[in-house]
Amino acid sequence: MTDDKATYRRQGFGQELDLDAPFGLLIIDFVNGFLDPAVFGGGNIAAAMERTVGLLGEARRRRWPVAHSRIVFADDDADRNVFAMKVPGLLTLKESSSNSAIVPQLAPKPGELVVRKTVPSAFFATGLGPWLTQRGVRTLVVAGCVTSGCVRSSVVDAMSLGFLPLVVRDCVGDRAIGPHEANLFDMSEKYAVVMDLADTMKLVEARTAGSAVVSGSAGTRHRIQ
């Protein structure tokens, strides 16, 4: 990894992002099926979900716009797509399926958006982007699963739409740790800021207090003034 980082630095990746308020929170696919190792879970997903309970509480206390996503296919599979061809078990995630329901610990409250999707990104062919824009969100704090799939694709789309993504390292999880770590590294170098929950809240406190905050990549190169 040291050689990889040197290559990225030499080529100019990993530049800093100036994270601005207002903040919003996106929680991706923390549903029952992704918390169950017998279905789509495993790895560090459960630990990430538990950490996200505190993050969601802070977001609500601060009155951030909060959005959740879940994968939902039609009861008759009419919307079966390439994603479901690659992972046929996704077709079991229906509107009334327990496995598609958001876990009780993170159950949405009135006024929070629930995005239903059939592809990895929470932005693709949904109303999430306009919803966040209407509420003035500049920096989008991201939690959820899985890091290498739906989290990554949503972060790339968020960046592409002009939001500043902040991926909370200990609030995202994957069924396999190798892809989790590799994708955190790659997102931090190209698309987002990656930092742990404690540093995220320090940054939020500083920024909302009016201090200058500059945050860097890889979850380790950031400074708060």
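The values are calculated or read from the model by the stated rules, or taken from the named source; none is laboratory data. Note that this is a predicted model, so its numbers are computed, not measured. Counting neighbours? That spans all protein chains shown, and the Cβs are built from the backbone with ideal geometry, glycine included. Remember, those area values only see protein heavy atoms, side chains included, never the ligands or the DNA or RNA. Shrake-Rupley method; radii C 1.70, N 1.55, O 1.52, S 1.80 Å.
Things worth noting here:
- Here residue 94 meets the list (1) open to solvent by 50 Å² or more (accessible area, probe 1.4 Å); (2) farther than 26 Å from residue 22 by Cβ; (3) among the basic types (Lys, Arg) almost entirely, failing just condition (1).
- Considering residues of the stretch 111-126 that are more than 11 Å from residue 26 (Cα to Cα) and of a type in the set (A, V, I, L, M, F, W, C) only, the residue least open to solvent (accessible area, probe 1.4 Å): 119
- Taking residues in the stretch 1-21 that are within 18 Å of residue 194 (Cβ to Cβ), and partners anywhere that are assigned to a loop (DSSP other than H, G, I, E, B), the pairs with Cβ atoms closer than 6 Å and at least 6 places apart or on different chains are 8/14; 14/217; 16/216; 20/138.
- Residue ID - nearest to residue 132 (Cα to Cα), chosen from residues in the stretch 92-113 that are under 22 Å from the mean Cα position of the chain (by Cα) and part of a helix (DSSP H, G or I): 106
- Checking each residue in the stretch 29-45 for being under 15 Å from the mean Cα position of the chain (by Cα) and either hydrophobic (A, V, I, L, M, F, W, C) or open to solvent by less than 30 Å² (accessible area, probe 1.4 Å) (or both) picks out 29, 30, 31, 34, 45.
- The numbered conditions (1) closer than 26 Å to residue 38 by Cα; (2) touching a residue at least 60 places away in the same chain (Cβ under 8 Å); (3) of a type in the set (Asp, Glu) are all true for residue 58 except (1).
- Selection over the stretch 81-104 of residues that are among the charged types (D, E, K, R) and out of contact with any strand residue (DSSP E or B) (no Cβ under 7 Å at 6 or more places or on another chain) gives a count of 2.
- Residue within the stretch 171-178 that is surrounded by fewer than 17 Cβ atoms within 10 Å (Cβ to Cβ) and either in contact (Cβ under 8 Å) with a residue 12 or more places away in the chain or touching a strand residue (DSSP E or B) at 6+ places or on another chain (Cβ under 9 Å) (or both) present: yes
- Checked across the stretch 60-80, the condition of being at pLDDT 95 or above, farther than 30 Å from residue 136 by Cβ and assigned to a helix (DSSP H, G or I) holds for no residue.
- Reported count of residues in the stretch 130-170, each being over 9 Å from the mean Cα position of the chain (by Cα) and open to solvent by less than 10 Å² (accessible area, probe 1.4 Å), is 3.
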